[in-house]
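Below you will find the structure I want to go over with you.
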Amino acid sequence: MDPLPMLGNANAAQAALRNWVINLNKELAGTGVYAGHVAINVWIGEGVVAAPEGSPTATPEQIAPVYWDLHENRARSEAVFDAWPAVLALQRRASTFQP
């Protein structure tokens, strides 16, 4: 994950939530109760007006499988939904394009 400076206040809260959920899951081990955290590094929704130009977006339907995988497998307490690598690859490809 690569935090955005304009979201600094939210980033601090998200880091605290991540830490809490991971520790909660450790405390709940063996009880049959599971806690998981999904970090989402995209703007959510189609045609998001507030998304900065060039920023990746995703629909809830695209993100949902990450949550479902955590729920079904319970092998880890966190997952990341990150579209930036794909966006950066496209930008690199576009910047090296020679017509």
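The values are calculated or read from the model by the stated rules, or taken from the named source; none is laboratory data. Computed from a predicted structure; not experimentally measured. These area figures cover heavy atoms from the full protein model, side chains too; ligands, DNA and RNA do not enter into them. Shrake-Rupley method; radii C 1.70, N 1.55, O 1.52, S 1.80 Å.
In square angstrom, rounded to the nearest 10, how much accessible surface does I44 have for a 1.4 Å probe?
Probe radius 1.4 Å; accessible area of I44 about 90 Å².
Explain nothing, just compute: Karplus ³J(HN,Hα) = 6.51 cos²θ - 1.76 cosθ + 1.60, θ = phi - 60°, for every residue of the stretch 66-72 in order, whole Hz, x for Gly and Pro.
In residue order, the calculated couplings are 5, 5, 5, 4, 4, 5, 6 Hz.
Amide H of E78 versus every other amide H placed in the peptide plane: which residues, excluding those fewer than 5 positions away on the same chain, fall under 5 Å?
So E78 has HN proximity to H37.
Oh, and also: Kindly write out, for the stretch 24-34 in residue order, the coupling ³J(HN,Hα) from the Karplus curve 6.51 cos²θ - 1.76 cosθ + 1.60 (θ = phi - 60°), rounded to whole Hz, with x marking Gly and Pro.
4, 4, 5, 5, 7, 3, x, 9, x, 9, 10
Once phi is turned into θ = phi - 60°, what whole-Hz ³J(HN,Hα) does the Karplus curve with 6.51, -1.76 and 1.60 give for every residue of the stretch 51-64, x standing for Gly and Pro?
Values, residue by residue: 5, x, 4, x, 7, x, 10, 8, 8, x, 5, 6, 7, 3 Hz.
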